[in-house]
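Q: Structure in structure tokens, see below.
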Amino acid sequence: MSQKLEQYLQSNLEYLKDNGLYNEIDVVEGANGPEITVAGKKLINLSSNNYLGLATDEKLKEAAIEAVKTHGVGAGAVRTINGTLDLHVELEKTLAEFKGTEAAVAFQSGFNCNMAAIQAVMNKEDAILSDELNHASIIDGCRLSKAKIIRVNHSDMDDLRAKAKEAVESGLYKKVMYITDGVFSMDGDVAKLPEIVEIAKEFDLITYVDDAHGSGVMGKGAGTVKHFGLEKEIDLQMGTLSKAIGVVGGYVAGSQDLIDYLKVAARPFLFSTSLTPGDTKAITEAVKTLMASTELHDKLWENGDYLKAGLKDLGFEIGNSETPITPCIIGDEKKAQEFSKRLKEEGVYAKSIVFPTVPKGTGRVRNMPTAAHTKEMLDNALEIYAKVGREMGIIS
Ligand SMILES: *Cc1c(COP(=O)(O)O)cnc(C)c1O
């Protein structure tokens, strides 16, 4: 091994460990459902993005197994050689219908979808206005495009208007995009899409919404854009197939021209092997399930409201979430980590989230209730929250 590399790795690992920033990864023994087993201990799981419980759904499992039998385990090539299977075409048609757009294209993950789409559409002659709390994959996608990146204060429409005006009137850029999460995953707040669309019209901005946490959750399941009825206004609706949809992958939905272009210009589409047959079929089945019924969506919100009300009644500070995402804001980073650790010892798996993922002094434990939790599980979790919260002096 190179000595330079060895030194680099050791000094970085040491620094992270000394500063409490080294993340020990828990191993889930078995499926990631409403309860999980970690180190032999059964825990109520409030940390997965499996909002609708679809990751372990019997119908989806059957669909995946069937597709493996008919199509094999791998797609065999990138999409543009001969890795476009009939299953991918069926999925993309279903996604476009789901999102209310002319067309859609699927990618291997939400992360690489942002790498793919931003870079395909924007380049070094352009500017991207980006909400300061946008997801890491948006930040990386913007960097890869080489466009000028202009940070916009979180959901601050005055700041957006001022910066859009300045960017457009400067004459420095060929195109200007505004990019935002649909639902912000740390606080559970929702992007102000009606105002964003208004500002975009005023300045001819390209609009890009990453709805990773909105799909399956907002708009009766169809997402944040549908929630506001703006399917015809948002240029790129991007999302993941790995959270509420329960499988893996990402997509962009939009006009036929946009999708035709992404299929010739988006690098992960051209140079990375397509989604596996099993995943593709399971995703299609998941999306069809969401289109056929709002039952899982309704259950998710019922459980989210129940947990939120319970935590609030106990006296926890739960912020201003507009979605089932429910943070318990503790403040001090060390205390938030200790709280999460004690919850785990008592039987609740809820991860702490601290700086730099969230601002300093807003350390928290984040709860992700799902449609798969039973009322009994949530009541158990609330009891444990009450016990640990009192013991640590967080509530009285
Ligand atoms: C999780 C997430 C992604 C990445 O999606 P994956 O399918 O897990 O790669 C992208 N954007 C946002 C906002 C996310 O929360």
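The values are calculated or read from the model by the stated rules, or taken from the named source; none is laboratory data. These numbers were taken from a predicted model, which means no experiment stands behind them. Note that each Cβ is placed from the backbone with ideal geometry, even for glycine, and that neighbours are counted across all protein chains shown. Heads up: the accessible areas ignore ligands, DNA and RNA and are worked out on the full protein's heavy atoms, side chains in. Shrake-Rupley method; radii C 1.70, N 1.55, O 1.52, S 1.80 Å.
Q: Return yes or no: is Gly254 in contact with a Phe, Trp or Tyr (Cβ under 7 Å, 6 or more places away or on another chain) and crowded, with 19+ Cβ neighbours inside 10 Å?
A: In short, no.
Q: In addition: Can Glu317 be described as in contact with a Cys (Cβ under 8 Å, 6 or more places away or on another chain), surrounded by fewer than 22 Cβ atoms within 10 Å (Cβ to Cβ) and in a loop (DSSP other than H, G, I, E, B)?
A: Judged against the criteria, Glu317 is a match.
Q: Could you tell me whether Leu193 is open to solvent by less than 30 Å² (accessible area, probe 1.4 Å) and closer than 25 Å to Lys308 by Cα?
A: Judged against the criteria, Leu193 is a match.
Q: Scan region 119-164 for residues that are of a type in the set (Val, Ile, Thr), in contact with a Lys or Arg (Cβ under 9 Å, 6 or more places away or on another chain) and in contact (Cβ under 8 Å) with a residue 40 or more places away in the chain and jot them down. Walk me through how you get there before you give the answer.
A: Of the residues in region 119-164, the ones of a type in the set (Val, Ile, Thr) are 121, 128, 138-139, 149-150, 152.
Narrowing the set further to residues that are in contact with a Lys or Arg (Cβ under 9 Å, 6 or more places away or on another chain) leaves 121, 128, 149-150, 152.
Of everything in region 119-164, those that are of a type in the set (Val, Ile, Thr), in contact with a Lys or Arg (Cβ under 9 Å, 6 or more places away or on another chain) and in contact (Cβ under 8 Å) with a residue 40 or more places away in the chain turn out to be Val121, Ile128.
Okay, residues lined up against (1) within 25 Å of Tyr251 (Cα to Cα); (2) open to solvent by 10 Å² or more (accessible area, probe 1.4 Å); (3) away from the ligand (no atom under 16 Å from the Cβ); (4) in the same structural domain as Val358 (by TED's automatic domain parsing):
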{"residue": "Leu129", "(1), (2), (3), (4)": "yes, no, yes, no"}
{"residue": "Glu132", "(1), (2), (3), (4)": "yes, yes, no, no"}
{"residue": "Ala136", "(1), (2), (3), (4)": "yes, yes, no, no"}
{"residue": "Gly141", "(1), (2), (3), (4)": "yes, no, no, no"}
{"residue": "Lys146", "(1), (2), (3), (4)": "yes, yes, yes, no"}
{"residue": "Asn153", "(1), (2), (3), (4)": "no, yes, yes, no"}
{"residue": "Asp159", "(1), (2), (3), (4)": "no, yes, yes, no"}
{"residue": "Ala167", "(1), (2), (3), (4)": "no, no, yes, no"}
{"residue": "Ser170", "(1), (2), (3), (4)": "no, yes, yes, no"}
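Q: Looking at (1) in contact with a helix residue (DSSP H, G or I) (Cβ under 8 Å, 6 or more places away or on another chain); (2) closer than 24 Å to Ala371 by Cβ, which is the only condition Gly30 fails?
A: Unmet for Gly30, out of (1) in contact with a helix residue (DSSP H, G or I) (Cβ under 8 Å, 6 or more places away or on another chain); (2) closer than 24 Å to Ala371 by Cβ: (1).
Q: Do we have Ala265 as over 14 Å from Ala371 (Cα atoms), buried (at least 24 other Cβ atoms within 10 Å of the Cβ) and touching a residue at least 60 places away in the same chain (Cβ under 8 Å) here?
A: The answer is no for Ala265.
Q: Moving to a separate point now. Does Ile353 satisfy the criteria of being over 26 Å from Glu24 (Cα atoms), surrounded by fewer than 22 Cβ atoms within 10 Å (Cβ to Cβ) and of a type in the set (A, V, I, L, M)?
A: no
Q: Identify, from the list Lys69, Lys42, Lys59, Lys99, the residue that is free of Cβ contacts under 8 Å to residues at least 24 places away in the same chain and of a type outside the set (Gly, Ala, Ser).
A: Lys69
Q: Moving to a separate point now. Applying the selection to region 372-381, what residues are surrounded by fewer than 24 Cβ atoms within 10 Å (Cβ to Cβ) and either outside any loop (DSSP other than H, G, I, E, B) or of a type in the set (Lys, Arg) (or both)?
A: Lys375, Glu376, Met377, Leu378, Asp379, Asn380
Q: Looking at Pro369, Pro327, can you tell me which residue is open to solvent by less than 10 Å² (accessible area, probe 1.4 Å) and part of a loop (DSSP other than H, G, I, E, B)?
A: Pro369
Q: I want to confirm something. Restricting to region 208-226 and keeping residues that are more than 19 Å from Ile138 (Cβ to Cβ) and touching a residue at least 24 places away in the same chain (Cβ under 8 Å), which single residue is most open to solvent (accessible area, probe 1.4 Å)?
A: Applying the filter and picking the extreme gives Lys220.
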